[in-house]
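The values are calculated or read from the model by the stated rules, or taken from the named source; none is laboratory data. Because the structure is predicted, anything quoted here is derived from the model rather than measured. Cβ sites come from the backbone with ideal geometry, for glycine too, and all protein chains shown count toward neighbours.
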Amino acid sequence: MNNNFVKHTIALIVLFLCVFIAYDEWYVGTGIITHGDWYTVEEDWLHEAVSMPSIWSSAADLGGPVLLLSFYPIQWAMGVLSMMGFGFGVIERVLFLWPITILPIIGMYVLSYRILRSIPAACVASLVYFFNTYFMLGRTGHLTLMTANAFVPLIFYLYLKLGEKQSYYISAMLGILLSLVSFYEIRVLYMLVPLVGLLTLFTYRGGKWLSISFVSHAMKMGFPILCAIIVNLFWIVALSKVSAIGGGEFFQRILFGNHFMSLERAVTLFHPFWSGGKLATFKVQELPFYFWFVPILAFFGLYAGRSKKIVLYFGIVGIIGIILAKQVDVPFPELYEWLYLHFPGFIAFREASKFYGLIALSYAILIGSTVQWLWKSSHKILAGVTTLAISALFLFNAMPLLNGDFYELQTVRYRPVEYEAFNKQLSALPNFSRTLWVPFWSRWSYYTEIHPRANILNLIGGPWQDIWKENGNNKQISIEQIFSQEYLDRLLDLSSIQYVVVPIRDTDNDDDFFVNYGKRERFVQDIRSLDYLTEISPRNARLSVFENSNFRPHVYATYEKDTLKHDAQQIPIEVDRQSPTKYIIAFEKAPTPVHVYLTDAYSPDWEVTIHQSRGGKYTSKKTDAQLNEFTLDPQDGFVKHPDGTISFTATLAYRPQFYLQQTIVLSIALGVLCAVLVKYLMNKRRNDK
Amino acid sequence: MINKLNKGHMLYLGLGVATLLFIALWAYGALALVLEISIALVLTFFIAFIIFSFSPHLTTLRIKQLILVALCVVSLSLFHGSKASQGFSEAIDGDSLLGVVWIIVAMAFSVRGSLLMKVGLGIFIFLPVLIFLEVDELIVKRLIIHALFLLFAGIMNSLKSEPDNV
């Protein structure tokens, strides 16, 4: 057997042992793992995910445009696995937890070995990339981002291969991997594009820059990115047609976390919240002294490997990463904000921690280069001891996992029985209704497109804040204040809220947010005092559920305007819900004008088209409850009934969905074209040989 | 066809790209920064033109480079600190400006990349000592900036010396 093969196998076994020991819970058992921003979802939600993508979703709060539509293929895959009978515990492992732990190790190992040709260097590079503070903290909650980052070393490895030779197979593989990265986290693809552009310059060996050979090289390197963009075209076009995305708030956000990030922390690859022990989110930590060895080791590797163009490339990647990850610190303190405000797409990087990924990638190769130099230039024993010391510097970061400080995403969680029962009850309801969680929804809360969940904090910070301001108030409304408003009764009705729930103080599952928002009993008392809500759970229950019986249907019609002050009489209509963005409404003997309501958050992109009337198109108007209203007054071509009423049908639809459907077809067609082109070129090359 | 491009074509191409870049930066609100650097450079070349016209004995390339770089540094620094600069973008702080100077000097005089990297690395090795001695945080920060610029200049000059490919 090849001696090198044995060595590589042993090296990879040792690396994986380190990973498995640190993340044992992700490999043993299939229980649900959930914490922080990593939420679990119900089976109904997963089944719903196996459908055509929709650019509007009613599932959260009062609904809104889906900004992360790029995630749709992953949702779809989750849904398919669920339909095959797998639970969320298995699904999250297959699609997130296992790729996060396996891919970076293999990817960085092959990448660094290709560059440095040294097994100890490849091992250390893998450890640096896997056990640095940024990825360690990322794996406690931001799993989609971490999964996307897991593909990055493998992508660079394939790009280096592609840079050396023309291979349609590698091109196709890269196209698939880049698309996967974009599905998990589009921002990682965004970061990769300029890096690949720079790599194109570094891997070019044709001589003259202004030549056909360079253009051909650039096209070869750019083709996989083009494929990934084509695959993502479906949501890019559709989202560009959405007016004022998210009510415009998305584009009005200011930079976040300026005081968290600093040049020292970026240079030392030290995440500002890394305490070395328990999670300390949003608490900036002191930079331990030993972290200063990290840049020394990395830049020594740059010096030692300066004869290799690709090592210099990773040096530049590291410096770019540092300049961006320090956010508004010197040098160029205004650069980040300028990019955030003006550079297309950069608005998605509200804070700079994502750029730590670039530093980690660069330092992994550079520190590997230091280790390679050690093994080449010094005594084997000295090199071995130093390599172990460097590895220990990063392996030490795994301590919180081993001593149980990072138990949050290392513990299997169990859904409390109360949620189990309430979720079943919601699942059995045939008609649309919302559940309002006070003050915040539990991670076990049930939600689908038919039974959305809303939390009062999001509502008073968003649409309900506008109602408060329209009543002449300038300050932010509090939860206590909203409960004392007379219009709350009507607001709950008009927003289709059937249940108001105060969740369990679930300390076993780290699902106790009352520590941040105030005493649970106080919320229960406040809601009990509202006579229009009926408490349906036992008085001392851990989960308090209140019912609002007068809630409006999702789509309904009235004779007069239905407002916060006026309870208008409903007209019987038949609503056929075809998708979250399309409803067919049949009016039988309706008066004119007739007022139609959609109890989702207001968007001017909702419109009603009357089938029997030419040009009978009505755009949504904002109600005083910040929802959608259409005043239909069809006249032309209608024969009135003797009582003056008319019968007609209409379509209520979200306009950008039309573009989504069109571009899906375009995306698929272009994707197939790319695949056929690659296959044709592969065959042609084989025949030429 | 691209190979047949002559210097005239290149000049027009360069001007075209520069104009587009100028318009793009103007559109994105970074014109002030571009103006600041452009004015400093125009000033440099104007003074250099006068010096070289009236002093024909300054002929060697090294001397010309030295004068150009010195003027560039002085005018950039003066303009950055002058009243005329007020209201313009303050995107470049003093240390970054000096860092840019490192790069200009290193590129103009083709300082060996390895030497620049050694100095940059030397600063990083020296940093833990300063931190251990509890030296002012600001000094540490400024040293990091200079080390990073030196490393960057070192990479650029190492690339110029055409290292081996992987």
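For the reader, a short list of remarks on this structure follows.
- Filter result (surrounded by fewer than 23 Cβ atoms within 10 Å (Cβ to Cβ) and part of a helix (DSSP H, G or I)) within the stretch A:160-170: A:160, A:161, A:163, A:164, A:168, A:169, A:170
- Count - residues of the stretch A:269-323 that are more than 26 Å from the chain's Cα centre (by Cα) and either in a helix (DSSP H, G or I) or not basic (Lys, Arg) (or both): 33
- Test: residue in the stretch A:506-521 that is outside any strand (DSSP E or B) and farther than 30 Å from residue A:407 by Cα: no
- Selection within the stretch A:267-287: residues that are within 12 Å of chain B (Cβ to nearest Cβ) and surrounded by 14 or more Cβ atoms within 10 Å (Cβ to Cβ). The member of this set that is nearest to residue A:318 (Cα to Cα) is A:267.
- When the residues of the stretch A:290-305 are filtered to those that are hydrophobic (A, V, I, L, M, F, W, C) and more than 21 Å from residue A:118 (Cα to Cα), the one that is nearest to the other protein chains (Cβ to nearest Cβ) is A:292.
- Residues of the stretch A:188-206 that are crowded, with 19+ Cβ neighbours inside 10 Å and under 19 Å from the mean Cα position of the chain (by Cα): A:188, A:189, A:191, A:192.
- Residue A:287 being closer than 19 Å to residue B:145 by Cβ and in contact with a Phe, Trp or Tyr (Cβ under 7 Å, 6 or more places away or on another chain): yes
- Residue check for residue A:315: more than 7 Å from chain B (Cβ to nearest Cβ) and either free of Cβ contacts under 8 Å to residues at least 12 places away in the same chain or closer than 19 Å to residue B:161 by Cβ (or both): no
- With respect to the conditions (1) part of a loop (DSSP other than H, G, I, E, B); (2) surrounded by fewer than 16 Cβ atoms within 10 Å (Cβ to Cβ); (3) touching a residue at least 24 places away in the same chain (Cβ under 8 Å), residue A:588 lacks only one, and its number is (1).
- Here residue A:106 meets each of (1) assigned to a loop (DSSP other than H, G, I, E, B); (2) surrounded by fewer than 22 Cβ atoms within 10 Å (Cβ to Cβ) with one exception, condition (1).
- Flag if residue A:74 is under 21 Å from residue A:598 (Cα atoms), touching a residue at least 40 places away in the same chain (Cβ under 8 Å) and not small (Gly, Ala, Ser): no
- Among the residues of the stretch A:319-337, those that are facing chain B (nearest Cβ under 9 Å) and either surrounded by 22 or more Cβ atoms within 10 Å (Cβ to Cβ) or within 17 Å of residue B:143 (Cα to Cα) (or both) comprise A:319, A:322, A:323, A:329, A:330, A:331, A:332, A:333.
- Residue within the stretch A:419-426 that is under 20 Å from residue A:131 (Cα atoms) and surrounded by fewer than 19 Cβ atoms within 10 Å (Cβ to Cβ) present: no
- Members of the stretch A:466-481 that are among the basic types (Lys, Arg) and assigned to a helix (DSSP H, G or I): A:469
- Which numbered condition residue A:330 fails, given (1) closer than 22 Å to residue A:128 by Cβ; (2) of a type in the set (Val, Ile, Thr); (3) more than 25 Å from the chain's Cα centre (by Cα): (1)
- When residue A:237 is tested against the conditions (1) within 29 Å of residue A:400 (Cβ to Cβ); (2) touching a residue at least 40 places away in the same chain (Cβ under 8 Å), the lone failure is (1).
- Subset tally (residues that are among the hydrophobic types (A, V, I, L, M, F, W, C), modelled with pLDDT under 90 and not in a loop (DSSP other than H, G, I, E, B)) for the stretch B:148-166: 5
- The residue pairs whose first member lies in the stretch A:450-465 and is in a loop (DSSP other than H, G, I, E, B), whose second member is of a type in the set (Lys, Arg), and whose beta carbons are closer than 6 Å, counting only pairs six or more residues apart or on different chains, are A:452/A:434.
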